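The values are calculated or read from the model by the stated rules, or taken from the named source; none is laboratory data. All values derive from a computational prediction rather than experimental measurement. Quick reminder, even Gly has a Cβ in these numbers, built from the backbone with ideal geometry, and neighbours come from all protein chains shown.
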Amino acid sequence: MLTQEEIYLQYRDKVFGYVRNHVNNTEDAEDITSDIFIKIYSKLDTYDESKASLSTWIYSMTSNTVIDFYRTNHIHSEIPEDLTDDRSLIEDEVLNSESLELLAKALEQLPQELRDIIVLRYYKGLTLQQVAEVMKLSYGVTKLRHREAMGKLKDML
């Protein structure tokens, strides 16, 4: 089992990147990231590696903390759809650096337009609305193609 320091060093950038991708304010993202690591450390003794990998456990805690942030601080705002969608395998896999090679191979198998949507969304950190603007597609079409790409990647992985 990794020490708290090793966990922090190994996952801080991934956790912050995920949070920053879902929260517009950098200071909020930093606070949420700190809260996540406090939760991780306080619950580390409950982690069961037979149920999930450490990265999956951390991802779940990260995702839930971001959702909690929206619920408690943005009562009148809608929680971003990609947070409430099924916990996609692709985001889970991105946290597992050992799976990046598999992910790259799967991305290569997608049609160019679907690959572009995934790259813009997850590697460039754009929202689906921004992806739609960049690709000159409607938001609805972008959302549908995003789901299609995620489904295909999930099947491949």
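Residues that are among the hydroxyl-bearing types (S, T, Y) and free of Cβ contacts under 8 Å to residues at least 12 places away in the same chain were ranked within the stretch 128-149; the one that is farthest from H22 (Cα to Cα) is S138. Filtered by the rule that a residue be of a type in the set (A, V, I, L, M), in contact (Cβ under 8 Å) with a residue 12 or more places away in the chain and either assigned to a helix (DSSP H, G or I) or under 17 Å from S60 (Cβ atoms) (or both), the stretch 18-45 gives V19, A29, I32, I36, I40, L44.
For every residue, the table says whether it meets (1) acidic (D, E); (2) assigned by TED's automatic domain parsing to the domain that holds Q4; (3) out of contact with any helix residue (DSSP H, G or I) (no Cβ under 9 Å at 6 or more places or on another chain); (4) buried (at least 18 other Cβ atoms within 10 Å of the Cβ).
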{"position": "S34", "(1), (2), (3), (4)": "no, yes, yes, no"}
{"position": "K39", "(1), (2), (3), (4)": "no, yes, no, no"}
{"position": "D48", "(1), (2), (3), (4)": "yes, yes, no, no"}
{"position": "Y59", "(1), (2), (3), (4)": "no, yes, no, yes"}
{"position": "S63", "(1), (2), (3), (4)": "no, yes, no, yes"}
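Within the stretch 86-120, the set of residues being modelled with pLDDT of 85 or more and touching a helix residue (DSSP H, G or I) at 6+ places or on another chain (Cβ under 7 Å) comprises Q109, L110, E113, L114, R115, D116, I117, I118, L120.
Which of the residues spanning the stretch 2-11 are part of a helix (DSSP H, G or I) and out of contact with any helix residue (DSSP H, G or I) (no Cβ under 7 Å at 6 or more places or on another chain)? Those that are part of a helix (DSSP H, G or I) and out of contact with any helix residue (DSSP H, G or I) (no Cβ under 7 Å at 6 or more places or on another chain): E5, E6, L9, Q10.
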